[in-house]
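Encoded as structure tokens, the structure appears first; notes follow it.
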Amino acid sequence: MDLQKQDLQKQDLQKQQGAPTASEFRASDAERDRIADILHDALAEGRLTADEHAERVEGVLRAKTVGELEVFIRDLPAAHRRGPGQAPSPAPHRPTAGAIPIEPDDTVVAVFSGAVRKGRWRAGRRIHAYAIFGSVEIDLSEALFDHQQVVIKSFAIFGSVDIRVPENVSLRGMGGGVLGSFEVDTLDSGEPEAPVVYVDGWAVLGSVEARPRRGKVVADILDRVQRKVDKSLRKHLGH
């Protein structure tokens, strides 16, 4: 009975004090980065001047709570599409019907050999990979994405298909293995417009593997420069 009384007293005290609202929670670095990205997009769209952008980014880096962050994007359309702290919807497990062509945009074949696609290359909507007594490596960590949905159809027969993606895309697996290994690390991006890579196919006495390459993100040159500037400013301000 004594424990029950203590619990009731504790609950009454919490009610009197009032639970903190979502805007009163302490802001995380990830939330500051997201707000900074929204401000950067607003600058690129001409919604903010360079001086306004610099002033708001500095304020974002100094903000302590989620509510303080909201102030800097309250007058921007992006703030009303997805509020601070609101998780994006997970990517669907299957591509949108009709979004992916039947014929491949690119085909990678390795028969008793090795084949590689890596570096700064343009990824199509459908990529076919065939590894027959050989190995195929498809590295999308520095690729240019013209489409939000990409399907990689992979067949490994006594061979291997190794796929790497940037860590800020969504990754889904739709295939299987027959006396082989088909392993895809499910990945959900924090950005609603991020590309979704679907890995499909079969591993027959072979292996298909897909996972993110840490430290690699989908970003153009201006975004990379902006991130470096923001990180330097944050370090200078002690965040």
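Scan the range 101-122 and give yes if some residue there is touching a helix residue (DSSP H, G or I) at 6+ places or on another chain (Cβ under 7 Å), surrounded by 14 or more Cβ atoms within 10 Å (Cβ to Cβ), in contact (Cβ under 8 Å) with a residue 24 or more places away in the chain and not small (Gly, Ala, Ser), otherwise no.
Within the range 101-122, the subset touching a helix residue (DSSP H, G or I) at 6+ places or on another chain (Cβ under 7 Å) is none.
No, the range 101-122 contains no residue that is touching a helix residue (DSSP H, G or I) at 6+ places or on another chain (Cβ under 7 Å), surrounded by 14 or more Cβ atoms within 10 Å (Cβ to Cβ), in contact (Cβ under 8 Å) with a residue 24 or more places away in the chain and not small (Gly, Ala, Ser).
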Item to check | Evaluation of Ala44 against (1) loosely packed, with under 14 Cβ neighbours inside 10 Å; (2) at pLDDT 85 or above (one fails), failing number | outcome: (2)
Checklist entry - Arg32: over 24 Å from the mean Cα position of the chain (by Cα) and either surrounded by 15 or more Cβ atoms within 10 Å (Cβ to Cβ) or not in a helix (DSSP H, G or I) (or both), yes or no? => result no
Next on the checklist: Please count how many residues of the range 144-175 are acidic (Asp, Glu) and closer than 13 Å to Ala203 by Cα.
Outcome noted: 1
Checklist entry - Are any residues in the range 155-170 touching a Phe, Trp or Tyr at 6+ places or on another chain (Cβ under 8 Å) and part of a strand (DSSP E or B), and if so, which ones? => result Phe155, Ala156, Ile157, Val161
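Which one is surrounded by the fewest Cβ atoms within 10 Å (Cβ to Cβ), of the residues in the range 123-144 that are within 27 Å of Thr96 (Cβ to Cβ) and of a type outside the set (A, V, I, L, M, F, W, C)?
Looking at the filtered set, the residue picked out is Glu142.
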Checklist outcome for this item: Note on the range 96-143: residues among the small types (Gly, Ala, Ser), part of a loop (DSSP other than H, G, I, E, B) and within 21 Å of Gly206 (Cβ to Cβ) are Ser113, Gly134
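The values are calculated or read from the model by the stated rules, or taken from the named source; none is laboratory data. All of these numbers come straight from a predicted model, not from anything done at the bench. Backbone-built Cβ (ideal geometry, glycine too); neighbour counts: all protein chains shown.
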